[in-house]
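Report on the following structure.
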Amino acid sequence: MSGGFDLFFDYFARRDNRLRRFDPRVKMGVVAALFAAILLSTRPPLPAMVSVVALGSLLLIGIPLGLIGRRLLAPLGIVIALVLIQGLLVGETVLAAFPVAGWEVALHREGLVRGAGMALRVWGAFSVLLLFSAVTPAHEMFRALRWCRMPHLWVEIAMLVYRYIFVLLEEASEMVAAQRVRLGYAGFGNGLRSAGTLTGAVVVRAMEQSLRTHEAMVARGYTDVFPFGPLPPMGRRAWGALAGVVAVVGILYWFLERGLA
């Protein structure tokens, strides 16, 4: 395989470490609390602190720095787009102006500051999600979601997506390798045509795979509901850990948002 598809976080999520040993329901509750605090925050210290702690924790549990960097490329486009859109549309203090197709386009200080705050919240939330996925195997997430009374249809769709996205990535990487051997990406025009062909082929393969999977599930007695093994009841220690961490998140939110006001 190529293109970085050969290394996924689920491999690291199965390795033993302190965060891995926590109950997945506790981790899911902590993630929900951090998401709420980040989304409600209006100042940069809280999302910045969460980002630093989450990324530092990834390094401490042995996640390679290069892999973390590749995963952080995903929200980078969103972050840049937020800053630019806010800088162009919001504010009055012009920092820079330049002509585009006869129009005067200006970047405003107020918009850039607002966009940076929004981008920092996106970065903080993604960092938390990255850490959660690195210390919690997928099957534990799905079981925890069912324990939380998430509709079984949503969980089943998520399970199938998670299962077959790797199959499609494998097929896509093989098709890309075949195109490269045939100089399919020699030049911009050839690359564009090859990318279009690849996209269409992957969509067709996905539809074919969905039909084969459904037929196989029905042949094995699928009755519209996947059986899930029940999780054991949460003990006092797990509830206490969840309550303690949520309380710490609440105190940090109050101090960084209200105490510094």
* Asked: Which FRET efficiency value, to the nearest 0.05, do you get for Met49 and Ala201 by plugging their Cβ-Cβ distance into 1/(1 + (r/R0)^6) with R0 = 45 Å?
  -> 0.50
* With each pseudo-label sitting 7 Å past Cα toward Cβ, what's the Met118-Ala81 distance in nm, one decimal? -> 1.1 nm
* To do: Take the Cβ-Cβ distance between Arg258 and Arg109 as r, set R0 to 41 Å, and report the resulting FRET efficiency rounded to the nearest 0.05.
  => 0.95
* Asked: In whole Å and largest first, what semi-axes does the C-alpha gyration tensor of the range 1-142 yield when each eigenvalue is scaled by 5 and square-rooted?
  -> 35, 18, 11
* Which whole-number percent gives the relative contact order of the chain, counting Cα pairs below 8 Å spaced six or more residues apart? -> 29 percent
* Asked: Taking square-rooted eigenvalues a ≥ b ≥ c of the alpha carbon gyration tensor, is the range 111-261 rounded, prolate or oblate, where a/c under 1.5 means rounded and, failing that, a/b exceeding b/c means prolate?
  -> oblate
* Structure fact -> Debye calc, one equal point scatterer per Cα of the range 74-195, no solvent, log10 I(q)/I(0) at q = 0.10, 0.11, 0.17 1/Å comes to -0.66, -0.76, -0.96
* Asked: trypsin sites (Lys or Arg not before Pro), restricted to the range 89-179: which are DSSP loop and have at most 12 other Cβ atoms within 10 Å?
  -> Arg149
* To do: Compute the Kirkwood hydrodynamic radius of the range 151-230, taking the inverse of the mean of 1/r over all pairs of distinct Cα atoms, and give it in Å to one decimal.
  => 14.8 Å
* **Value of D in µm² per second that Stokes-Einstein yields for the chain, Kirkwood Rh from Cα pairs, at 37 °C (0.692 mPa s)** => 149 µm²/s
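Relative contact order, percent, of the range 151-230 when contacts are C-alpha pairs under 8 Å separated by at least 6 residues?
37 percent
Laboratory data are not the source of any read-out in this text; all were calculated from the coordinates shown. All values derive from a computational prediction rather than experimental measurement. Every residue, glycine as well, gets a Cβ built from its backbone with ideal geometry; the counts of neighbours run over all protein chains shown.
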